[in-house]
Amino acid sequence: MFTGTGGTDAVRLTAVRKVYGRRGNEVVALDDVTTAFGRGTFTAIMGPSGSGKSTLLQCAAGLDQPTSGSVVLEDSELSTMTETELTELRRDRVGFVFQAFNLLPVLTVEQNVTLPLRLAGRSPARGRVASVLEQVGLGERRRHRPAELSGGQQQRVAIARALITEPAVIFADEPTGALDTRTARDVLDLMRSSVRQTGQTIVMVTHDPVAASYADRVLFLADGRVVGELHSPTADAVAERMTRLGAYSDEARRAPAAGGQR
Ligand SMILES: Nc1ncnc2c1ncn2[C@@H]1O[C@H](COP(=O)(O)OP(=O)(O)OP(=O)(O)O)[C@@H](O)[C@H]1O
Ligand SMILES: [Mg+2]
């Protein structure tokens, strides 16, 4: 088991503020957020709709620029980087997984997974592709196309595609949002094991307390601010905290993993 490296964080945000819109019509999406994601840790981010979760991921990943404050990814201060450097950083050091799997239907599993490398003009080491596909449990499916796979399997392809470059961090925005309870659990198990076994760092936005309970830590956001955290969370503790935040809507209560499959 991976035991973590002492010292540096994979990503550190200090006093990050993000304001959208013009003067007189401003939306403060992030309001003085300071937090860090340690190497080899799995963090869940929760909070009501509009609380700034996706904005936090985008700022932390160099996809969007904070209005003020600092984001340091490994040893790079993002605000001092050029657009070209940021593009390279996003390509080489960051992985993304979204609710929609975003696989290319005409490509095989293997071609989808290796696409980021090939776009970067690199050829993937043969053994690396096989081992990543093995890791996500799709070693036998490498020649299949996305349409021939279940939703959970497609999301595992997307995770393999994120893992292939061995990024400093994988950011996942509601990766299990489109999956039923059982396939969601497979995907969460996979993410957790990639943290435990290879020391991958993962930051995942979710609305589901059960999904959050797979993480080492849950960070709660409300109105663009960090309003609390839980370590070694249980689903019940997460749900209870969300209720106290007034954030645990009927919709969340009906979520498959929390309320059972329908
Ligand atoms: N490009 C944008 N322009 C203007 N306002 C934006 C933009 N992106 C986000 N916002 C606003 O910033 C706030 C935070 O949005 P964000 O998407 O980060 O919320 P979220 O927590 O991810 O919500 P959800 O759970 O619904 O996905 C919201 O009020 C949103 O309307
Ligand atoms: Mg969002």
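The values are calculated or read from the model by the stated rules, or taken from the named source; none is laboratory data. All figures in this text were calculated on a predicted structure; none of them were measured in a lab. All Cβ positions, even for glycine, are placed from backbone atoms using ideal geometry, and neighbour counts span all protein chains on display.
Quick rundown of the values:
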{"read-out": "Any hit, segment 84-96, residues being within 16 Å of ligand 2 (Cβ to nearest atom) and either modelled with pLDDT of 95 or more or not in a loop (DSSP other than H, G, I, E, B) (or both)", "value": "yes"}
{"read-out": "Total residues in segment 174-201, condition within 13 Å of ligand 1 (Cβ to nearest atom) and at pLDDT 95 or above", "value": "0"}
{"read-out": "From Thr67, Thr87, Thr55, Thr8, residue being hydroxyl-bearing (Ser, Thr, Tyr), more than 15 Å from ligand 1 (Cβ to nearest atom) and closer than 30 Å to Arg241 by Cα", "value": "Thr8"}
{"read-out": "Test: residue in segment 138-159 that is surrounded by 24 or more Cβ atoms within 10 Å (Cβ to Cβ) and either of a type in the set (Ser, Thr, Tyr) or within 16 Å of ligand 1 (Cβ to nearest atom) (or both)", "value": "no"}
{"read-out": "Cβ-Cβ under 6 Å pairs, at least 6 apart or on other chains, segment 25-52 side in contact (Cβ under 8 Å) with a residue 12 or more places away in the chain, far side assigned to a loop (DSSP other than H, G, I, E, B) and within 9 Å of ligand 1 (Cβ to nearest atom)", "value": "Val28/Gly224; Ala29/Gly52; Ala29/Gly224; Leu30/Gly52; Leu30/Gly224; Asp31/Gly224; Gly52/Gly224"}
{"read-out": "Hey, Ala172 within 20 Å of Ala10 (Cα to Cα), touching a Phe, Trp or Tyr at 6+ places or on another chain (Cβ under 6 Å) and either in a loop (DSSP other than H, G, I, E, B) or within 16 Å of ligand 2 (Cβ to nearest atom) (or both) or not", "value": "no"}
{"read-out": "Check on Val187, more than 22 Å from Glu74 (Cβ to Cβ), touching a Gly at 6+ places or on another chain (Cβ under 7 Å) and either surrounded by fewer than 20 Cβ atoms within 10 Å (Cβ to Cβ) or without any contact (Cβ under 8 Å) to a residue 60 or more places away in the chain (or both)", "value": "yes"}
{"read-out": "Number of the exception - Met204 against (1) assigned to a helix (DSSP H, G or I); (2) surrounded by 17 or more Cβ atoms within 10 Å (Cβ to Cβ); (3) modelled with pLDDT of 95 or more", "value": "(1)"}
